[in-house]
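Below you'll find the structure, written out as structure tokens, and then a few comments.
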Amino acid sequence: MCCSPTVANSAGCESSTRNDLATRQAAERDRNWQKMQDIIVEYARSQGYDLIDASPPLYVSPRIDITDAVLDHLKRANAGSRSKP
């Protein structure tokens, strides 16, 4: 049985499973977003930035685009956390 015994029909079971999946996805997304924010703040402080705008801009010059640098920091942070038992 995919759900608790109190859910008698398959539609209720399917709905419960969907809700559980949505809850788990939201928790994982929130955890990852917080990790990205922490990395961005760390990078900004280490590089002397005063502001990093999180809203989507219309245009960003490649000269000031820090996306690749932040992604590199995030990858290193993830690699470091995976190597810990």
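Here is how the numbers come out for the structure above:
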{"quantity": "Residue match in the stretch 37-49 (condition: charged (D, E, K, R), surrounded by 10 or more Cβ atoms within 10 Å (Cβ to Cβ) and without any contact (Cβ under 8 Å) to a residue 40 or more places away in the chain)", "calculated": "yes"}
{"quantity": "Residue in the stretch 54-62 that is surrounded by 12 or more Cβ atoms within 10 Å (Cβ to Cβ), touching a residue at least 12 places away in the same chain (Cβ under 8 Å) and not in a helix (DSSP H, G or I) present", "calculated": "no"}
{"quantity": "Whichever residue in the stretch 54-85 is more than 16 Å from E42 (Cβ to Cβ) and of a type in the set (G, A, S) and, among such residues, is modelled with the lowest pLDDT", "calculated": "S83"}
{"quantity": "Selection within the stretch 32-53 - in a loop (DSSP other than H, G, I, E, B) and acidic (D, E)", "calculated": "D50, D53"}
{"quantity": "Residue ID - nearest to N78 (Cα to Cα), chosen from residues in the stretch 9-36 that are surrounded by 10 or more Cβ atoms within 10 Å (Cβ to Cβ) and among the hydrophobic types (A, V, I, L, M, F, W, C)", "calculated": "M36"}
{"quantity": "Conditions (1) touching a Cys at 6+ places or on another chain (Cβ under 8 Å); (2) of a type in the set (V, I, T); (3) modelled with pLDDT of 90 or more; number of the one not met by V7", "calculated": "(3)"}
{"quantity": "Complete set of residues in the stretch 63-85 that are exposed (fewer than 10 other Cβ atoms within 10 Å of the Cβ), part of a loop (DSSP other than H, G, I, E, B) and hydrophobic (A, V, I, L, M, F, W, C)", "calculated": "I64"}
{"quantity": "Matching residues in the stretch 18-53 - criterion: being of a type in the set (F, W, Y) and either modelled with pLDDT under 90 or in contact with a strand residue (DSSP E or B) (Cβ under 6 Å, 6 or more places away or on another chain) (or both)", "calculated": "W33"}
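The values are calculated or read from the model by the stated rules, or taken from the named source; none is laboratory data. Note that this is a predicted model, so its numbers are computed, not measured. Using ideal geometry, Cβ is built from the backbone for each residue, glycine included, and neighbour counts are taken over all protein chains shown.
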